[in-house]
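Have a look at the structure below, then the notes.
No value in this document is a laboratory result; all are computed from the given coordinates. Bear in mind the structure is a predicted one, so any value in this text is a computation, not a measurement. As a convention, Cβ positions derive from the backbone with ideal geometry for all residues, glycine included, and neighbour counts pool all protein chains shown.
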Amino acid sequence: MQPLRGCNMLQLWCLYESFVKLLKAQSCRRTRSNTFPILEAEGTHNFCKLFGHFMFFHRDKFTTVPEVMEDKGDYELYSPNPQVRGMTTLDRTAFRKTISVPVLQVKNEKVNKLVKSLNHRMIQRSGLRRMLEDLSDKGKKLVLLDPHQISTENSFDESDHTVLKQLEISPHVSKYDLELTYENFKTEEILQAVLPEGQCVTSAFSRVGHIAHMNLKDHQLPYKALIGQVIIDKNPGIKSVVNKTKIIDSTYRYFKMEVLAGVDDMTTKVKENNVSYEFDFSKVYWNPRLSTEHERIVGLLKPGDILFDVFAGVGPFAIPAAKKNCTVFANDLNPESYKWLLHNCKLNKVDKNIQVFNMDGRDFLLGTVKEVLTKHLAHLSEKEKALHIVMNLPALAVEFLDTLKQLLTEAPGSSAILPTVHCYSFSKDDDPAADVRRRVEAFLETSLEGCCSVHLVRNVAPHKEMMCLSFQVPANVLYKNYANQEQADEPLPKRPRVLEDSCAEKNRN
């Protein structure tokens, strides 16, 4: 490997630590309590893909673009005109550049046969035509060869010469001046040529319908308009490019957006896991990276189950659950999220299966959740239905768990089930699973030993993971009079279906 000259070693070290932490979480089978497995977030192949997106080098400097250029020679050959360095207003004509490429002169009737036999020797640049008209001879075409492999006829190996001889094609290699334009360059090549040399370049974005959502670094902000326009040019279907600012709405916790390029239209439509959603992206929270997690939680539900979605957003948990014939109670404090949640229920024709609320999550738990649990728990058995409470507000959800303490008065009989909570949280700890569990236990004032599982959702940033802790609400937490019932030696309520397998595994060990 080439020495890492010109790299920001602090960036490299932080990135290295982040990937090590992810690797530990992927390979670790149990938490420190040796009780429950940490489930794989996206699969090993996605982890390796993520690692590949970040860890590569060319021109002796670190970069973060998603496509790796073949080598330094390839970059120098296909890099735009160096005069574009420092450009802040996009001038597409300035990217014109002429390169010299090797060509063979081939009769029209023999071109197809040659292409089949010597395809591996032809120019490998996507977007470039491999055959051009020979202006000096209308009966021939120019076949463009790979300049990294072929420079003269001596570059062909014995098998190549055999093919050329059989087709009666001269091995003489000529040079052709090929003009490259803005349309021929990739996004990362353009940005690498424009931004100051030595700085990190990113062309990554999250796609939300017709919107490309970027998180630009401070050093990229002077070029934000140009970056936005390049993203639109190079990605069909993208009409708006936005950048997340550092201003966070203090009440509804969504980021303010700045339009970098394109139309200022934030109302968009997306499809996730075969469900359609419409919303104003500038006023609600939506993260396409959580698609797998939405699918995972919905996969735990069975028809007839009851789901309480405390921080429902525009419905990525609630609506798929309702389509699965679950009874859903969905809430969000943000009036815009509430409006679009109602809209999406009708859009997906599940409005009869969902009751929608617009209130603080704490009021929802102390009001609607308490009322429904009081009504249903005494009449439900494990064989009939399961109860799930989803709390996807990772920055704050843990702080709402104290509402579950002594929420109900009368404890049900032994055949009743207890609700299962899926609580999301961020962690910057070296052991994020243990960290989240400790904080949840602190708010519940009880141990979850043997009755919880931890799932790594995704790596949010270096030293920051998003986790999901799933647990059965202990009866001594949920019921006020449970202590008296326990003294009477009545059997404990059964475990909910979602944790049955994990508890069975623990008993086997």
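Mind checking which of LEU104, PHE156, HIS172 is farthest towards the positive end of the range 97-180's charge dipole, using Cβ charges of +1 (Lys, Arg) and -1 (Asp, Glu) about the Cα centre? Of the candidates, LEU104 comes out farthest on the positive side. Can you list the lysines whose alpha carbon sits under 27 Å from that of LYS385, skipping same-chain ones fewer than 8 residues off? Answer for LYS385, where 27 Å is the Cα cut-off: LYS302, LYS323, LYS324, LYS346, LYS349, LYS352, LYS370, LYS375, LYS405, LYS480, LYS494, LYS506, listed by chain and number. On the principal axes of its alpha carbon atoms, the range 415-484 extends 48, 21, 17 Å, with the longest extent given first. For the range 97-180, a/c is not less than 1.5, where a ≥ b ≥ c are the root eigenvalues of the C-alpha gyration tensor, and a/b does not top b/c. That puts it in the oblate class. Ordering ASP91, ASP309 by the number of other Cβ atoms within 10 Å of each residue's own Cβ, fewest first, gives ASP91, ASP309.
Peptide packing: for 324-333, 390-399, the average count of neighbouring Cβ atoms within 10 Å per residue gives the ranking 324-333, 390-399, highest mean first. The orientation-averaged shadow of the Cα convex hull for the range 173-274, equal to a quarter of the hull surface, comes to 10.3 nm².
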